[in-house]
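Read-outs: derived from the displayed coordinates by stated rules, not from any lab. What you see is a predicted model, and the numbers here were worked out from it, not measured in a lab. Cβ: placed from backbone, ideal geometry, glycine included. Neighbour counts: every protein chain shown.
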Amino acid sequence: MKPGRNDPCWCGSGKKFKRCHMSQESMPRPTVHELSAPLEKAFTRKTCWHRGVDGSPCGKIVNAHTVPRSMSLKRIAENGHVVGVRRHLPGRGAKAPLEIDTIGITKASTMNGFCRDHDSRVFAPLEAISFAGDQQQLWLLQYRSICRELYAKEGTQQALPPTLELARRGLPPLQQSLMQALTGAFIDGTNSGLEVLRRTKALFDTDFVTSDWSAIHGVVVWFESVPPLMCSSLIAPDYDFAGKRLPDSSGTELEDDLVSFDILGAGEQGAAVLTWRTESALPGQALAVSLLALPLEEMPDAVVRLAFEGTENWFARPSWWSGQSKAARADLEERILCGSPMKAHRPQCMSVRTATYGMPTISRIQYVNWAG
């Protein structure tokens, strides 16, 4: 039922309808460009997540790679390009919001989240020397994933209110109200996730100032050669590699299950790395234990399943992707959707070996600050 002119507005502002959203219905519907503008602004903003951490000054903001360019992307690139997932803004001519496409390595995995000085200096122990899987390097992998997730979630938080306000334009009051109700839970979830990430970032900042990496734990699965697939992200799997629901970290300092997952190059080898803080040890170690319980020959394919189900921030050698069988590619495309707003994770998503993907064999397992 449409509210009267002097009734309280449906949006909950406390204002009368005539002084709040009454005029929205008669306004023209927004254009695609108008709807896209807040998102483009939010996801191209420039900031440095290390500003103020140790008192060092910031320099010019750069497109910082979250998957290392030299040690990873260049190792799998062909003609300067890799295959990855592109996220499209609404109405920009794409058939779907997520599209697998070739991407130049100068643009792959980048964000405007660090200045040149901090990106170079802070991550030097990870990128200026060969990866060895030590505690500081695992700390840096997760720190960068935390910053990447903060950048994305803050961008979403900034873009949603103006985008929603534009999207309601030209709609009847009932549809405007329904749109606000449907997006309210998503906004609340984004805000809650930001609180956890900011608390976690504060812990990492303290670690950095004191050079204390002792809260970091992990496992490094070493490949005999450079893998054709690289990734870097925080992940939040619901199930382990045996199909069992993972425990959560309720009651801990963070009360969230922050586990990072990386595949990267390391000289003539490569490594898949699961990293977690002491505060997220329950889900992190449980996931790692289930991976290590698999037969050695099954681990490479399990790593691929996790990369495609757990993160959009993956990149592959073009010939590896094009060389996948029809069944394997269909399987991977299905996994990309799992965990997105379009499709929920399945209990068997990690446990069922539905295809093989041509990954290198495993040479050894390395435990980092492992308990138990």
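Could you say whether any residue in the stretch 201-215 is under 24 Å from M111 (Cβ atoms), among the polar types (S, T, N, Q) and part of a helix (DSSP H, G or I)?
Within the stretch 201-215, one or more residues are under 24 Å from M111 (Cβ atoms), among the polar types (S, T, N, Q) and part of a helix (DSSP H, G or I).
Residue-wise test of (1) acidic (D, E); (2) surrounded by fewer than 22 Cβ atoms within 10 Å (Cβ to Cβ).
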{"residue": "I187", "(1), (2)": "no, yes"}
{"residue": "L203", "(1), (2)": "no, yes"}
{"residue": "S211", "(1), (2)": "no, yes"}
{"residue": "I216", "(1), (2)": "no, no"}
{"residue": "F223", "(1), (2)": "no, no"}
{"residue": "D240", "(1), (2)": "yes, yes"}
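Can you tell me which residue within the stretch 23-81, out of those that are among the charged types (D, E, K, R) and under 30 Å from P3 (Cα atoms), is surrounded by the fewest Cβ atoms within 10 Å (Cβ to Cβ)?
R29
Based on this model, can you work out whether S233 counts as surrounded by fewer than 20 Cβ atoms within 10 Å (Cβ to Cβ), of a type in the set (S, T, N, Q) and under 30 Å from A128 (Cβ atoms)?
No.
If you check G59 against the conditions, is it at negative phi, under 26 Å from the mean Cα position of the chain (by Cα), assigned to a loop (DSSP other than H, G, I, E, B) and free of Cβ contacts under 8 Å to residues at least 60 places away in the same chain?
So G59 fits the description; yes.
Answer yes or no: is there a residue in the stretch 273-291 that is part of a loop (DSSP other than H, G, I, E, B) and at negative phi.
No, every residue in the stretch 273-291 fails to be part of a loop (DSSP other than H, G, I, E, B) and at negative phi.
So which helices (runs of 4 or more DSSP H) are wholly in the stretch 297-341 and hold at least 1 residues that are crowded, with 23+ Cβ neighbours inside 10 Å and touching a Gly at 6+ places or on another chain (Cβ under 8 Å)?
Correct list: 299-310.
Does T190 fit the bill of being out of contact with any strand residue (DSSP E or B) (no Cβ under 8 Å at 6 or more places or on another chain) and of a type in the set (V, I, T)?
So T190 fits the description; yes.
Among the residues of the stretch 161-200, what is the count of those that are among the hydrophobic types (A, V, I, L, M, F, W, C), free of Cβ contacts under 8 Å to residues at least 40 places away in the same chain and touching a helix residue (DSSP H, G or I) at 6+ places or on another chain (Cβ under 9 Å)?
Final tally of qualifying residues: 4.
Which count do you get for residues in the stretch 101-132 that are of a type in the set (G, A, S), part of a loop (DSSP other than H, G, I, E, B) and under 23 Å from T210 (Cα atoms)?
So the count comes out to 2.
Exactly one of these conditions fails for F261: (1) touching a strand residue (DSSP E or B) at 6+ places or on another chain (Cβ under 6 Å); (2) not in a strand (DSSP E or B). Give me its number.
The one condition F261 does not meet is (2).
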